[in-house]
Amino acid sequence: MEHIELQGKTIFVTGVAGFIGSNLAARLLKDFDCKVVGLDNMNDYYDVNIKEWRLEQLKNDRFTFIKGDLSDKGTIEEIFEKYNPAVVVNLGAQAGVRYSITNPDAYIQSNMIGFYNILEACRHYPVEHLVYASSSSVYGSNKKVPYSTDDKVDNPVSLYAATKNLTSLWHMQIQSFITFLPLACAFLLFMDQLVGPIWLILVSQIS
Ligand SMILES: NC(=O)c1ccc[n+]([C@@H]2O[C@H](COP(=O)([O-])OP(=O)(O)OC[C@H]3O[C@@H](n4cnc5c(N)ncnc54)[C@H](O)[C@@H]3O)[C@@H](O)[C@H]2O)c1
């Protein structure tokens, strides 16, 4: 993937109060002279105090936090209109496998409608790069280990996996859709469930 120039740019990070989003925002603010606009709905899937503490650590003149929901198209459009982000990193999502059995709505709203709203906004505003997160759960009940990005992903065993899988499929679909746009797009596959270091695999990039 080519080097992305971040100096002086605005980066929009969704799920910014989350584990990965907050660490990414902190690193961006520390290492680059960029602005970070972060969105999070501060849901109580786990202790909200942890999310508030993370936001506290991010306080900075170059950081703007917006409490809002990815599934609210109006909110997403307003953010793109007002802040004109050059780079969008979509980390806001409803995670968890077991939780999806009792709370399916959260996955449809955040992972499907929310992701769709981000794609649409990227289509209508001059975004240079879009990065978003997938999960090793897309490999479902595959027996073969270690996983490979060439493995089949057509056997999800949870709604979480199915919604993550859909984002990957949409990635393929937007490949043709983005052909006409100057937008580079990549999705990241997080290969760890909070145990040990997170592995990132840059699955593909299109531009
Ligand atoms: N951490 C891991 O081990 C792991 C593994 C595989 C995939 N991932 C993916 O990486 C991304 C980030 O994961 P994380 O570990 O930081 O999760 P996290 O739950 O800590 O962070 C996600 C954040 O998104 C926010 N959010 C959820 N739905 C939202 C919505 N509709 N609108 C706005 N904000 C919303 C939550 O409040 C939360 O703060 C997710 O897409 C997740 O599926 C993470």
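Structure notes:
- Here Ile79 qualifies as out of contact with any helix residue (DSSP H, G or I) (no Cβ under 7 Å at 6 or more places or on another chain), of a type in the set (Val, Ile, Thr) and crowded, with 18+ Cβ neighbours inside 10 Å.
- Residues (more than 8 Å from the ligand (Cβ to nearest atom) and either in contact with a Phe, Trp or Tyr (Cβ under 8 Å, 6 or more places away or on another chain) or among the β-branched types (Val, Ile, Thr) (or both)) located in segment 97-112: Val97, Tyr99, Ser100, Ile101, Thr102, Tyr107, Ile108
- Qualifying strands (runs of 3 or more DSSP E) (wholly inside segment 1-84; at least 2 residues being under 22 Å from Arg123 (Cβ atoms), β-branched (Val, Ile, Thr) and away from the ligand (no atom under 13 Å from the Cβ)): 10-14
- For segment 1-54, the set of residues classified as in contact with a Cys (Cβ under 9 Å, 6 or more places away or on another chain) and of a type in the set (A, V, I, L, M) consists of Leu6, Ile11, Leu28, listed by residue number.
- Checking each residue in segment 1-30 for being more than 17 Å from the chain's Cα centre (by Cα) and crowded, with 16+ Cβ neighbours inside 10 Å picks out Leu6, Lys9, Leu29.
- Residue pairs meeting the criteria (Cβ under 8 Å; at least 6 apart or on separate chains; first farther than 26 Å from Val13 by Cβ and aromatic (Phe, Trp, Tyr), in segment 132-160; second assigned to a helix (DSSP H, G or I) and within 12 Å of the ligand (Cβ to nearest atom)): Tyr147/Ser136; Tyr147/Tyr139
- For the residues Ser110, Ser141, Ser134, the requirement of being closer than 17 Å to Gly38 by Cβ and polar (S, T, N, Q) singles out Ser110.
- Count - residues of segment 51-76 that are in contact with a helix residue (DSSP H, G or I) (Cβ under 6 Å, 6 or more places away or on another chain) and either modelled with pLDDT under 95 or among the polar types (S, T, N, Q) (or both): 2
- Test: Asn117 is in contact (Cβ under 8 Å) with a residue 40 or more places away in the chain, crowded, with 19+ Cβ neighbours inside 10 Å and near the ligand (Cβ under 9 Å from one of its atoms): no
- Inter-residue pairs, beta-carbon under 8 Å, first under 21 Å from Arg98 (Cβ atoms) and in segment 25-54, second more than 8 Å from the ligand (Cβ to nearest atom) and not in a loop (DSSP other than H, G, I, E, B), 6+ apart: Asn41/Lys67; Tyr45/Tyr99
The values are calculated or read from the model by the stated rules, or taken from the named source; none is laboratory data. These numbers were taken from a predicted model, which means no experiment stands behind them. Virtual Cβ from ideal backbone geometry, glycine too; neighbours counted across all protein chains shown.
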